[in-house]
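S.K.: Got a structure for you, questions after.
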Amino acid sequence: MSRPAPDRMPDVPRDVLSDKSQTPRMFNSIAHRYDFLNHALSFNVDRRWRRLLVDAADVRAGGRVLDVATGTADVALEFARRSPAQHIAGLDPSSGMLEVGRTKLAGARVDLIEGDALALPFPDGSFDVVTIAFGLRNLPDYARGTAEMARVLRPGGRLLVLEFLPPSGAARLVFRSYIATVLPVVGRAISGSPEAYR
């Protein structure tokens, strides 16, 4: 019996992946294709959304920023390009995603840290801005995750969440059809993981 290639996760049963403790393992399996898939499946709109997130954060000179569920560090790098932040940290539980992110840093003032969003390894009040982009849905406990993000914010700091919200009206049907049919098929074909884009 042949072994799976080292950069590919073998098929994982659906009930295992419904347990969000398996999320880092799933993201490790698609890390090498993650950026391409994000851009392709969103028709590159995800890039604009990240720029808007960074602009909305309105980081002041000398500010400290934490991007939770940073993945391959796209948001953290956007902060490095578009803000005067003094310190930018990106945290993610997936070592594979962070490894891809480190290849993109090219001297950017970003620290990437492997860690758990439900137990952030920072003291209270450490950051002026905390963000999470397309990652809230992957947390095993939303309330605990947002409480942790609030804990590490300084008084008066800003927590920004970038996440999908289905449109209303006729556009909702198109959105649901795309999410239910096109995205899983294309995601599976390109990533090699049948569950990642389910």
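The values are calculated or read from the model by the stated rules, or taken from the named source; none is laboratory data. None of the values given here were measured: they were computed from a predicted structure. A quick note on method: Cβ atoms are made from the backbone with ideal geometry, for glycine too, and the neighbour counts reach across all protein chains shown. Note: areas computed on protein heavy atoms with side chains; ligands, DNA, RNA excluded. Shrake-Rupley method; radii C 1.70, N 1.55, O 1.52, S 1.80 Å.
S.K.: From the residues in region 119-133 that are open to solvent by 20 Å² or more (accessible area, probe 1.4 Å) and of a type in the set (A, V, I, L, M, F, W, C), which one is farthest from G96 (Cα to Cα)?
M.R.: Taking the candidates together, the pick is F122.
S.K.: Here is a follow-up. Anything in region 136-166 that is more than 14 Å from the chain's Cα centre (by Cα) and open to solvent by less than 50 Å² (accessible area, probe 1.4 Å)? List them, or say none.
M.R.: T146, E148, M149, V152, L153, G157 - these are the residues of region 136-166 that are more than 14 Å from the chain's Cα centre (by Cα) and open to solvent by less than 50 Å² (accessible area, probe 1.4 Å).
S.K.: Which number in (1) under 27 Å from E148 (Cα atoms); (2) surrounded by 11 or more Cβ atoms within 10 Å (Cβ to Cβ); (3) at pLDDT below 80 marks the one condition that L77 misses?
M.R.: All conditions are met except number (3).
S.K.: Pairs needed: first member in region 22-48, under 17 Å from M97 (Cα atoms); second member anywhere, open to solvent by 80 Å² or more (accessible area, probe 1.4 Å) and modelled with pLDDT under 75; C-beta distance under 7 Å; at least 6 residues apart or different chains.
M.R.: Close Cβ pairs (under 7 Å, with a partner that is open to solvent by 80 Å² or more (accessible area, probe 1.4 Å) and modelled with pLDDT under 75) amount to S29/R8; H32/D7.
S.K.: Here's a check for you: in region 82-104, which residue that is under 21 Å from S126 (Cβ atoms) and in contact with a helix residue (DSSP H, G or I) (Cβ under 7 Å, 6 or more places away or on another chain) is most open to solvent (accessible area, probe 1.4 Å)?
M.R.: Result: P93.
S.K.: Answer yes or no: is there a residue in region 108-115 that is open to solvent by 20 Å² or more (accessible area, probe 1.4 Å) and at pLDDT below 95.
M.R.: Taking every residue of region 108-115 in turn, at least one turns out to be open to solvent by 20 Å² or more (accessible area, probe 1.4 Å) and at pLDDT below 95.
S.K.: Of the residues G62, G96, G90, which is on the phi > 0 side of the Ramachandran plot and not basic (K, R)?
M.R.: On inspection, the qualifying residue turns out to be G62.
S.K.: If you don't mind, another one. Under 8 Å by Cβ, and 6 or more places apart or on different chains, what pairs join a residue from region 86-113 that is among the polar types (S, T, N, Q) with one that is open to solvent by less than 50 Å² (accessible area, probe 1.4 Å)?
M.R.: Cβ pairs passing all conditions: Q86/G62; Q86/G63; S94/T23; S94/P24; S94/F27; S94/A31; S94/G71; S95/P24.
S.K.: Right, here's the next one. Is there a residue being in a strand (DSSP E or B) and hydrophobic (A, V, I, L, M, F, W, C) anywhere in region 56-65?
M.R.: Yes: one or more hits.
S.K.: Considering each residue of region 44-56, count those that are farther than 25 Å from S94 by Cα and either buried (at least 21 other Cβ atoms within 10 Å of the Cβ) or out of contact with any strand residue (DSSP E or B) (no Cβ under 9 Å at 6 or more places or on another chain) (or both), and give that number.
M.R.: 1
S.K.: Report yes if some residue within region 22-37 is touching a Ser or Thr at 6+ places or on another chain (Cβ under 9 Å), open to solvent by less than 70 Å² (accessible area, probe 1.4 Å), among the β-branched types (V, I, T) and at pLDDT below 80; otherwise report no.
M.R.: yes
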